[in-house]
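Peer 1: Shown below is the structure under consideration.
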Amino acid sequence: MHSINVKVVAILLAGGKSERLKANVPKQFLKIAAKEIIEHTTDIFHNSPLIDGIVIVCNPNFISHVSLLVKKNNWTKVIALVPGGRTRQESSYNGIQACPTNTKYLLIHDSVRPLVTENSIQQIINALEKYKCVNLVAPPRDTIIQTTKDGKFIRNIPPRELIKRGLSPQGFHYSVIRTAHEMANNDIVSNISDDCGLVMKYDLANIFIVTGSENNIKVTYKSDIYLIEKLLTLQVDSQKDRL
Ligand code: CTP
Ligand code: MG
């Protein structure tokens with residue numbers, strides 16, 4: 001592990017079992033636009049000059065597969081490859097514990113969001129100079145409604161400008177997110193679905209929001225694959241045009 005100058009670390013979460021999108025492999029390993037989804041995502045962080053180290057948290061059955069990908073792609077920034085836990089929260093914590101002690105800023109990202117941009121990574125890291133916790137967001141496409149407890153009627157329609165979709169990466173001062181996870185671990189809380197949610201639960205920092213790209217879609221259902229494939233292909237083509 002070459003941890004001496006590691007200041008900004010990205011944790012890429014690939015520990016999920018992909019229960020909503022059933023395929024022959026967990027969705028992060030599906031091949032689209034010539035590469036596996038996890039390869040598209042890791043390439044973006046590996047190519048970013050702002051990222052010093054990468055920790056991949058991986059479904060335990062795919063550790064050897066991911067270590068082959070690390071070799072094949074020459075991802076020299078990968079400093080650890082650790083097994084995921086039962087929940088996203090547990091997987092995040094495993095990644096946090098694998099970070100070098102001199103980590104200053106940590107970005108936690110879903111490996112199944114291969115359309116994250118270098119610009120969003122930059123904006124999050126800039127915001128971390130001022131804030132301890134940052135969430136990337138996008139405006140909602142639809143009006144969001146809140147229902148009554150029984151789910152049968154509309155209870156409230158919150159003003160659109162106050163509603164955002166929470167995306168990843170989420171950025172943190174390392175000590176803050178580590179503390180949040182240690183507190184949750186002591187409380188036996190294990191199923192908070194995102195890391196900013198933990199910081200909020202323990203009121204450890206104000207969470208600043210940075211607006212990201214509308215296209216930063218998470219692969220959740222099969223239809224997302226088609227959309228992402230199209231968007232990735234368009235990107236690759238426009239890169240070719242520029243060469
Ligand atoms: N994740 C993880 N460890 C878990 C659960 C999720 O690292 N125990 C990761 C996933 O691999 C994914 C990200 O968290 O990159 C977002 O989770 P989600 O889209 O819910 O993926 P899955 O949990 O795999 O899918 P599903 O909920 O449909 O089972
Ligand atoms: Mg899940």
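Peer 1: Could you list, in sequence order, all residues of the range 201-222 that are closer than 22 Å to Arg86 by Cβ and either of a type in the set (Asp, Glu) or away from ligand 2 (no atom under 16 Å from the Cβ) (or both)?
Peer 2: Answer for the range 201-222, where residues must be closer than 22 Å to Arg86 by Cβ and either of a type in the set (Asp, Glu) or away from ligand 2 (no atom under 16 Å from the Cβ) (or both): Lys201, Tyr202.
Peer 1: Please tell me if Ser18 is within 16 Å of ligand 2 (Cβ to nearest atom), open to solvent by less than 60 Å² (accessible area, probe 1.4 Å) and hydroxyl-bearing (Ser, Thr, Tyr).
Peer 2: Details: within 16 Å of ligand 2 (Cβ to nearest atom): yes; open to solvent by less than 60 Å² (accessible area, probe 1.4 Å): yes; hydroxyl-bearing (Ser, Thr, Tyr): yes.
The answer is yes for Ser18.
Peer 1: On to the next question. Taking the range 36-58, which residues are open to solvent by 10 Å² or more (accessible area, probe 1.4 Å) and not acidic (Asp, Glu)? Walk me through how you get there before you give the answer.
Peer 2: If we filter the range 36-58 for residues that are open to solvent by 10 Å² or more (accessible area, probe 1.4 Å), which is where we start, we get 36, 40, 43-44, 46-47, 49-50, 52.
Within the range 36-58, His40, Ile44, His46, Asn47, Pro49, Leu50 qualify.
Peer 1: I'd like to know if the range 204-221 contains one or more residues that are modelled with pLDDT of 95 or more, in a helix (DSSP H, G or I) and not charged (D, E, K, R).
Peer 2: Checking the range 204-221: not a single residue is modelled with pLDDT of 95 or more, in a helix (DSSP H, G or I) and not charged (D, E, K, R).
Peer 1: What single numbered condition from (1) of a type in the set (A, V, I, L, M); (2) open to solvent by less than 50 Å² (accessible area, probe 1.4 Å); (3) over 19 Å from the mean Cα position of the chain (by Cα) fails to hold for Ile188?
Peer 2: (2)
Peer 1: Test each condition in (1) at positive phi; (2) charged (D, E, K, R); (3) in contact (Cβ under 8 Å) with a residue 24 or more places away in the chain for Asp195 and report the one that comes out false.
Peer 2: (1)
Peer 1: Filter the range 191-206 for residues that are away from ligand 1 (no atom under 11 Å from the Cβ) and open to solvent by 50 Å² or more (accessible area, probe 1.4 Å) and give the result.
Peer 2: From the range 191-206, those away from ligand 1 (no atom under 11 Å from the Cβ) are 192, 196-206; that's our starting set.
Result: Met200, Lys201, Asp203, Leu204, Asn206.
Peer 1: Out of the residues in the range 148-183 that are within 22 Å of Asn119 (Cβ to Cβ) and of a type in the set (S, T, N, Q), which is nearest to ligand 1 (Cβ to nearest atom)? Walk me through how you get there before you give the answer.
Peer 2: Of all residues in the range 148-183, those within 22 Å of Asn119 (Cβ to Cβ) come to 164-173.
Checking the rest, the ones that are also of a type in the set (S, T, N, Q) come to 168, 170.
On the way: Ser168: 8, Gln170: 12 Å.
The selected residue is Ser168.
Peer 1: For the range 35-58, which residues satisfy the criterion of being assigned to a helix (DSSP H, G or I) and either within 16 Å of ligand 2 (Cβ to nearest atom) or touching a strand residue (DSSP E or B) at 6+ places or on another chain (Cβ under 7 Å) (or both)? Before you say what the answer is, go through the steps one by one.
Peer 2: As a first pass, look at the range 35-58 and keep what is assigned to a helix (DSSP H, G or I): 37-47.
Ile37, Ile38, Thr41, Thr42, Phe45, His46, listed by residue number.
Peer 1: Keeping to the range 1-27, report how many residues are at pLDDT below 95, more than 16 Å from Ile225 (Cβ to Cβ) and within 14 Å of ligand 1 (Cβ to nearest atom).
Peer 2: Within the range 1-27, residues that are at pLDDT below 95, more than 16 Å from Ile225 (Cβ to Cβ) and within 14 Å of ligand 1 (Cβ to nearest atom) number 1.
Peer 1: Do any residues in the range 45-72 that are under 26 Å from Ser120 (Cβ atoms) have Cβ atoms under 8 Å from those of residues that are surrounded by 11 or more Cβ atoms within 10 Å (Cβ to Cβ) and acidic (Asp, Glu), where the two are at least six apart or on different chains, and which pairs are they?
Peer 2: Correct list of pairs: Asn47/Glu118; Ser48/Glu118; Leu69/Glu36; Leu69/Glu39.
Peer 1: For the range 21-34: of the residues being away from ligand 2 (no atom under 16 Å from the Cβ) and assigned to a loop (DSSP other than H, G, I, E, B), which is least open to solvent (accessible area, probe 1.4 Å)?
Peer 2: Checked the range 21-34; the qualifying residue least open to solvent (accessible area, probe 1.4 Å) is Ala33.
Peer 1: Tell me which strands (runs of 3 or more DSSP E) are completely within the range 70-145 and hold 1 or more residues being within 13 Å of ligand 1 (Cβ to nearest atom) and closer than 30 Å to Arg160 by Cβ, or say none if there are none.
Peer 2: Numbers: elements: 78-83, 105-110, 133-138.
Passing ranges, in order: 105-110.
Peer 1: What's the total number of residues in the range 59-103 that are more than 16 Å from ligand 2 (Cβ to nearest atom), among the polar types (S, T, N, Q) and surrounded by 20 or more Cβ atoms within 10 Å (Cβ to Cβ)?
Peer 2: Summing the residues that are more than 16 Å from ligand 2 (Cβ to nearest atom), among the polar types (S, T, N, Q) and surrounded by 20 or more Cβ atoms within 10 Å (Cβ to Cβ) in the range 59-103 gives 1.
Peer 1: Same structure again: Any idea which of Ala80, Ala23, Ala34 is at positive phi and either out of contact with any Leu (no Cβ under 9 Å at 6 or more places or on another chain) or not aromatic (Phe, Trp, Tyr) (or both)?
Peer 2: Ala34
The values are calculated or read from the model by the stated rules, or taken from the named source; none is laboratory data. Everything numeric in this text was worked out from a predicted model, so none of it was measured. Ideal geometry is used to build each Cβ from the backbone, glycine not excepted, and the neighbour counts take in all protein chains shown. Side chains are part of the model used for accessible areas, which takes the heavy atoms of the whole protein and leaves out ligands, DNA and RNA. Shrake-Rupley method; radii C 1.70, N 1.55, O 1.52, S 1.80 Å.
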